[in-house]
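Enquirer: Here it is, the structure in full.
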Amino acid sequence: MRISVIGCGYLGAVHAAAMASLGHEVIGIDVDPGKVATLSAGTAPFFEPGLEDLLRAGIESGRLRFTTDIAEAAGADVHFIAVGTPSQRDGDAADLTYVDAAIAALLPHLAPGQVVAGKSTVPVGTAARLAASVHATGATLVWNPEFLREGWAVKDTLEPDRLVVGVPDGEAGAAAADTLREVFRAAVDAGIPFLVTDYATSELVKVAANAFLATKISFINAMAEIAEVTGADVTQLSDAIGYDGRIGRRYLGSGIGFGGGCLPKDIRAFAARAEELGRAESVSFLREVDAINLRRRDRAVQLVTEALGGAVFDRRITVLGAAFKPHSDDVRDSPALDVAVRLHGLGAQVTVTDPEAIPNARRLHPQLTYIDDRDDALTGAEAVVLVTEWDQYRRELDPVHAGSLVRDRVVVDGRNAWDAAQWRAAGWTYYGMGRP
């Protein structure tokens, strides 16, 4: 099929490359000439495992190309809207400026029978508001939310847990759903659930999933707060309750909490939308979920301060990680970088290392010291803080070797990723999050 992807940021670039890998003819469209040039050269403008291979393969095959000219979207069978929905400058509600602009720019190039598929995360009610203008052209608007995890975005696009398509009532909606089934034929044939819903449900699916995930993470971090004042071990608690099939162990890892460009933003926007709908009380718990998450960053800084005798001024601290999660170079609302900045603000000499995120971190916080090599970053440190659980730190860093590099063997494990007994046996004073 012929496909256009409007917006070639993180979501759009991955989606365009993945669609081309499935055999579709794809045109990616973005208003940023620099981004278009980078993608056209087969280079990803951000780190995402496997993406550059897909980009190069798509471009070399002739099935994938990028442009700034939205007129080239004309004639596509399906137009995916993949632009950003950041928070509004004066509040938590989602800013739909880019979504509205993408639809407005696309309207003159639509034709009867075509499908416009929104992928951006939007407040419930957005599709219904936009539908009339799209349907006036004879095209049909559907909403097909994305569920990408940074670091796993290629896999999540090609092998999703589920596909959700919100459609209007009637024959046009049914036909549009069939078109999306054809786009995702490989996944559908592989048995991936394909759920057809109304607009509102499809919009709620994404924010509800993010809200549940954030709640689960903050729940175990709230338990870590209790563990810290009772002497319990939150990692053992997570294991014990995780055996309950109704609960499950995944995402019950306590630590300094979640971040990134989606989860915090989306739960705040969800709470703001619920307030607009007169149902603020229904998701009022999300405010506390957010507050718990932010408190864990405070606790990490407090632990480092306690570990260094009550003050960090002029102490040499190495922070392992800058990205908000491993397998990504994204530093938006990164707990790791936030902890580093707070320590620097208290007067510490902070050195940050990360396999992929240093360029982005340096642009955002040039006041910190950055060292690419892990061992060089550890040399001479008086305390080490693990904040992003890259394999280079979590699995490959030997505590004996690390101990030979640092000045003082003091470590704060902000992700509860290490074996405390192993580090203590190597002579380290070990502090975990919610661990004795």
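Derivation of every value follows stated rules applied to the coordinates shown; laboratory data play no part. Small disclaimer: the values here were computed from a predicted structure and weren't measured. Please note: Cβ atoms are built from the backbone with ideal geometry, for glycine as well, and neighbour counts cover all protein chains shown.
Enquirer: Can you show me the helix-derived [θ] at 222 nm for the chain, built from DSSP H runs with n ≥ 4 at -39,500 (n - 2.57) apiece and divided by the number of residues, rounded to the nearest 500.
Expert: -13000 deg cm²/dmol
Enquirer: Further question on the same structure: Mind listing the phi-derived Karplus ³J(HN,Hα) values for the stretch 237-247, rounded to whole Hz, using 6.51, -1.76 and 1.60 with θ = phi - 60°, and x for any glycine or proline?
Expert: Karplus values, whole Hz, x for Gly and Pro: 4, 4, 4, 5, 6, x, 6, 6, x, 6, 10.
Enquirer: Under a no-solvent Debye model with one identical scatterer per Cα of the stretch 375-436, what's log10 I(q)/I(0) at q = 0.13, 0.14, 0.20, 0.25 Å⁻¹?
Expert: Once normalised to I(0) and log-transformed, intensities are -0.28, -0.32, -0.69, -1.13.
Enquirer: Under 20 Å from a point placed 7 Å out from the Cα of ILE192 along the Cα-to-Cβ direction: which residues of the stretch 20-53 have their backbone N that close?
Expert: So the set is 20-28, 48-53.
Enquirer: List, in order, the whole-Hz ³J(HN,Hα) value for each residue of the stretch 125-142 obtained from phi through the Karplus relation with A = 6.51, B = -1.76, C = 1.60 and θ = phi - 60°; use x for Gly and Pro.
Expert: Going residue by residue, I get x, 5, 4, 4, 5, 8, 4, 4, 5, 5, 5, 5, 8, x, 7, 10, 8, 10 Hz, with x marking Gly and Pro.
Enquirer: Kindly express, to the nearest 10 degrees and within the range 0 to 90, the angle between helix 263-276's C-alpha long axis and the longest C-alpha principal axis of the chain.
Expert: Around 60 degrees separate the two axes.
Enquirer: In addition: Which of the three applies to the stretch 1-146, rounded, prolate or oblate, going by the alpha-carbon gyration tensor with a ≥ b ≥ c and a/c under 1.5 meaning rounded?
Expert: oblate
Enquirer: How long are the three semi-axes of the equivalent ellipsoid for the stretch 198-436, computed from the Cα gyration tensor as the root of 5 times each eigenvalue, in whole Å, largest first?
Expert: Largest first, the stretch 198-436 gives 32, 21, 16 Å.
Enquirer: Please report the net charge: other residues with Cβ closer than 12 Å to the Cβ of ALA377, K and R +1, D and E -1.
Expert: -3
Enquirer: Calculate the spin-label point distance for SER87 paired with LEU277, positioning each point 7 Å from the Cα along the beta-carbon direction, and give it in nanometres.
Expert: That separation, rounded to one decimal, is 2.1 nm.
Enquirer: Still on this structure, please answer the following. Which angle between 0 and 90 degrees, to the nearest 10, do you get for helix 285-307 versus the longest principal axis of the chain when only C-alpha atoms count?
Expert: In the chain, helix 285-307 runs at an angle near 30 degrees to the longest axis.
Enquirer: In a shell of Cβ-Cβ distance under 15 Å around ALA211, excluding ALA211 itself, what net charge do Lys and Arg (+1) and Asp and Glu (-1) give?
Expert: Net local charge, ALA211 excluded: 0.
Enquirer: At 0.36 nm per residue, and after removing the present C-alpha to C-alpha distance, how many nm does the segment from LYS216 to ASP373 gain when stretched out fully?
Expert: Using 0.36 nm per residue and subtracting the Cα-Cα distance, I get 53.1 nm.
Enquirer: Would you mind checking which residues have amide H under 5 Å from THR197's amide H? H placed 1.01 Å from N; only 5 or more apart, or other chain.
Expert: So THR197 has HN proximity to VAL165, GLY166, VAL167.
Enquirer: What's the extension gain from GLU171 to ASP69 if we count 0.36 nm per residue and subtract their Cα-Cα distance?
Expert: 33.5 nm
Enquirer: Tell me, what ³J(HN,Hα) does each residue in the stretch 21-37 have, in order and in whole Hz, if you take phi through Karplus 6.51 cos²θ - 1.76 cosθ + 1.60 with θ = phi - 60° and put x for Gly and Pro?
Expert: Whole-Hz 3J(HN,Hα) from phi for the stretch 21-37: 5, 8, x, 6, 8, 10, 10, x, 10, 8, 7, 8, x, x, 5, 4, 5.
Enquirer: Continuing with this model, one more query. Along Cα→Cβ, 7 Å out, is where each label goes; now give me the distance between the ones at GLU159 and ARG181 in nm to one decimal.
Expert: 2.4
Enquirer: Let me ask another. Go ahead and run the numbers for FRET between ALA111 and ASP314, Cβ-Cβ distance against an R0 of 60 Å, rounding to 0.05.
Expert: Between ALA111 and ASP314 the formula returns 0.35.
Enquirer: Tell me which lysines have Cα within less than 22 Å of LYS206's Cα, excluding those fewer than 8 residues away on the same chain?
Expert: Leaving aside lysines fewer than 8 places away in the same chain, those within reach of LYS206 are LYS119, LYS155, LYS216, LYS265, LYS325.
Enquirer: I would also like to ask the following. Scale the Cα Rg of the chain by the rule-of-thumb value 2.2 N^0.38 Å and send over the ratio, two decimals.
Expert: 1.06
Enquirer: With no solvent and one point per C-alpha, what does the Debye sum give as log10 I(q)/I(0) for the stretch 62-136 at q = 0.14 Å⁻¹?
Expert: Debye output, listed in q order: -0.49.
Enquirer: Around GLY7, what is the net charge, scoring Lys/Arg as +1 and Asp/Glu as -1 over all other residues with Cβ under 11 Å from its Cβ?
Expert: 0
Enquirer: Could you tell me how many degrees, from 0 to 90 and to the nearest 10, lie between the Cα long axis of helix 51-61 and the main elongation axis, the longest principal axis, of the Cα atoms of the chain?
Expert: On a 0 to 90 degree scale, this one is about 30.
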